[in-house]
Amino acid sequence: MTKICVPVFVKGGVDVEEAIARAEEALEGVEGMVELRCDTASVKGMLGAIDVARVPVIVTVRPTWEGGFSQKSDAERIGLWEAAMEAGAEYVDVELEAWEKSGAIREAIGDAAEKNGTRLIVSNHCFGGRPKDLAERVGRLRAVREARVLKMAWKAESLVDAIDALRMVAENRNVDGRPLVALAMGEEGLISRVLAKKFGAPFTFGVAERGKESAPGQPTVAELRERFRWEAQGERTGVCGVVGWPVGHSLSPDIHNAGFAAVGADAVYVPLAVRPGAEAFTGAVEALRGCGGMNLRGLSVTIPHKESAMAYAEKHGAEVDALSRHIGVVNTLVWRGERGGGLKALNSDLGGALDALVGAWGGTRESLRGKRVAVLGAGGAGRAIVAGLAAAGATVVVYNRTLEKGQALAEAFGGTEGKVVAAAWEKLGQSCCEAYINCTPVGMHPHVNETPMEPITSGPCAWGAGTVVFDTVYNPAMTKFLKLSRQAGATIVPGTEMFVRQAAVQFEEFTGKAAPVEAFRRVMGAVMKGR
Ligand code: NAP
């Protein structure tokens, strides 16, 4: 069973007893241990920590030349390890280089570890990036006969490193009974930590609280357990994720994982940080698809990869609905192998926005026929929404700061079902529509005091309860535009509602089950409140 290991620094200025208590509290109910980082600790301090811990401990005295803080001599480090073994530490961690270079270390630890019932971890770390001789290094780790666990960590240069780390964990699981912990550090390496249990690693690292990381990219234990479904993960668990750059603050993992838990789906949803560029996108998706045991089910695709997702879908002969194809970008890829069928690609912003809008009117998408809707903005979101509205038979007026872009959009979708025209941004104040949809980033954090337009409060176009004002901006949920519109008597729809609805469209594609939309709203509200 994969354990979560919480690093605790044993050093001056840290209440070690308290830190261990916090770690054990976070680990309550899961298999866990603590790594006592004794880089600068005295023997007495280390023994005190071993004495306090109720969960198994790893004793590590990481030197500066391997990314730690210890400037102790080999003799001093040996003194700590020997005392740790005598005190019954479950593991000691020794760097591969130290092991290979120092006969004294080999002599002191080799047989003594076995005699005391302590297991030896040999480890190698590369903070500068992926070592060119990665496979060779693993071979050198394995050549240490006395080692019981092998550990290889390097700074991820792309998501592919994280996938390779998981593959290495799986491949090394059944070599000779001595498992490998392989970790790709940093944001791009996150899934090497989060999916460690699914791939059968002996342990992964999680911190008790933010700011206590011993290496870049470590999640908190709470994130592993609550955000990433640690306890529910198994070998066959399906994987979904959001590909984007940046992606660390995406709400999608929170929403989808809560949904998977609510409907009992054996799946986990992870953030997948992929740098801009079609090549990076394709490389990441192919690596995910090619990784044995990954069981990739579906991907949400966000900025800046939506065009690349469409190109990928076309290249792989995906089923793409006509409207998504016409929009030219997709944000969802679904591999339906287990449910029959191949790759499917779609634009969930489209359905999500329409559902959010008609939800405010209490009707179905059919009720949009003949409605007159103003769309503010002609970028990616505007394009999807205009396409959906026109296909549903609404009359759309596109107001865009750059009129030509608005006109191009009107030309692209005018006449599909409803009529689409473009108008100058300055004419917004004279607009006479039943709904106004902000598809610009105006009002988004940190520019929360801005609004794309003022409510129309007098004359024949004055807003009332029948007017729907929908802001696609979701951070903050209650924008200045929405606040003013509500004061003017309009019915408002926050961008969070679109986010939830588009996630629901994706969820149903990923799982084949109805999305628990209420649970999505609750999670979204709670996460936004905590930010
Ligand atoms: P985009 O492709 O960059 O397009 C931005 C649009 O806004 C362009 O038409 C641009 O006009 C216009 N614009 C930008 N700054 C402006 C300003 N100061 N005044 C007037 N117009 C301005 O962006 P996008 O991907 O469509 O995203 C737009 C918004 O939709 C974002 O706030 C995003 O958060 C939101 N969104 C929400 C969801 C959701 O689920 N709730 C989903 C997707 C997007 P020009 O053509 O003149 O540059």
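Throughout, read-outs are computed from the coordinates displayed, never taken from laboratory work. Keep in mind that this is a model prediction, so the values were computed, not measured. Reconstructed Cβ throughout: ideal geometry from the backbone, glycine too, with neighbour counts over all protein chains shown.
What number of residues within the range 120-130 satisfy the criterion of being out of contact with any Gly (no Cβ under 9 Å at 6 or more places or on another chain) and buried (at least 19 other Cβ atoms within 10 Å of the Cβ)?
First pass over the range 120-130, keeping only residues out of contact with any Gly (no Cβ under 9 Å at 6 or more places or on another chain): 121-124, 128-130.
If we keep only those that are buried (at least 19 other Cβ atoms within 10 Å of the Cβ) as well, we get 121-124.
Residues flagged as out of contact with any Gly (no Cβ under 9 Å at 6 or more places or on another chain) and buried (at least 19 other Cβ atoms within 10 Å of the Cβ) within the range 120-130 amount to 4.
Can you name the residue in the range 238-254 that is within 9 Å of the chain's Cα centre (by Cα), assigned to a strand (DSSP E or B) and of a type in the set (Val, Ile, Thr) and is also surrounded by the fewest Cβ atoms within 10 Å (Cβ to Cβ) among such residues?
Here the residue is VAL242.
Please determine, by comparing only the residues of the range 421-447 that are within 37 Å of the chain's Cα centre (by Cα) and among the hydrophobic types (A, V, I, L, M, F, W, C), which one is nearest to ALA378 (Cα to Cα).
First, pick out the residues of the range 421-447 that are within 37 Å of the chain's Cα centre (by Cα): 425, 435-447.
Filter once more, so that each one left must be among the hydrophobic types (A, V, I, L, M, F, W, C): 425, 435, 437, 439, 442, 444.
Numbers: TRP425: 11, ALA435: 16, ILE437: 11, CYS439: 7, VAL442: 13, MET444: 17 Å.
Looking at residues that are within 37 Å of the chain's Cα centre (by Cα) and among the hydrophobic types (A, V, I, L, M, F, W, C), I get CYS439.
Filter the range 56-79 for residues that are among the β-branched types (Val, Ile, Thr) and surrounded by fewer than 22 Cβ atoms within 10 Å (Cβ to Cβ) and give the result.
In the first step, residues of the range 56-79 are kept if they are among the β-branched types (Val, Ile, Thr); the result is 57-61, 64, 78.
If the condition is that a residue be among the β-branched types (Val, Ile, Thr) and surrounded by fewer than 22 Cβ atoms within 10 Å (Cβ to Cβ), then THR64, ILE78 are the ones that fit.
Residues in the range 279-338 that are within 16 Å of PHE510 (Cβ to Cβ) and surrounded by fewer than 16 Cβ atoms within 10 Å (Cβ to Cβ): how many?
Matching residues across the range 279-338 total 4.
With a cut-off of at least 2 residues that are of a type outside the set (S, T, N, Q) and out of contact with any Ser or Thr (no Cβ under 9 Å at 6 or more places or on another chain), name the strands (runs of 3 or more DSSP E) lying wholly within the range 108-227. Break it down into steps so the answer makes sense when it comes.
Working: elements: 119-126, 147-155, 180-185, 203-205.
Here the list reads 119-126, 147-155.
In the range 388-424, which residue that is within 13 Å of the ligand (Cβ to nearest atom) and in a loop (DSSP other than H, G, I, E, B) is surrounded by the most Cβ atoms within 10 Å (Cβ to Cβ)?
Within the range 388-424, the match that is surrounded by the most Cβ atoms within 10 Å (Cβ to Cβ) is ARG401.
Among the residues of the range 350-361, are any aliphatic (A, V, I, L, M), more than 8 Å from the ligand (Cβ to nearest atom) and closer than 16 Å to ILE327 by Cβ?
Yes: one or more hits.
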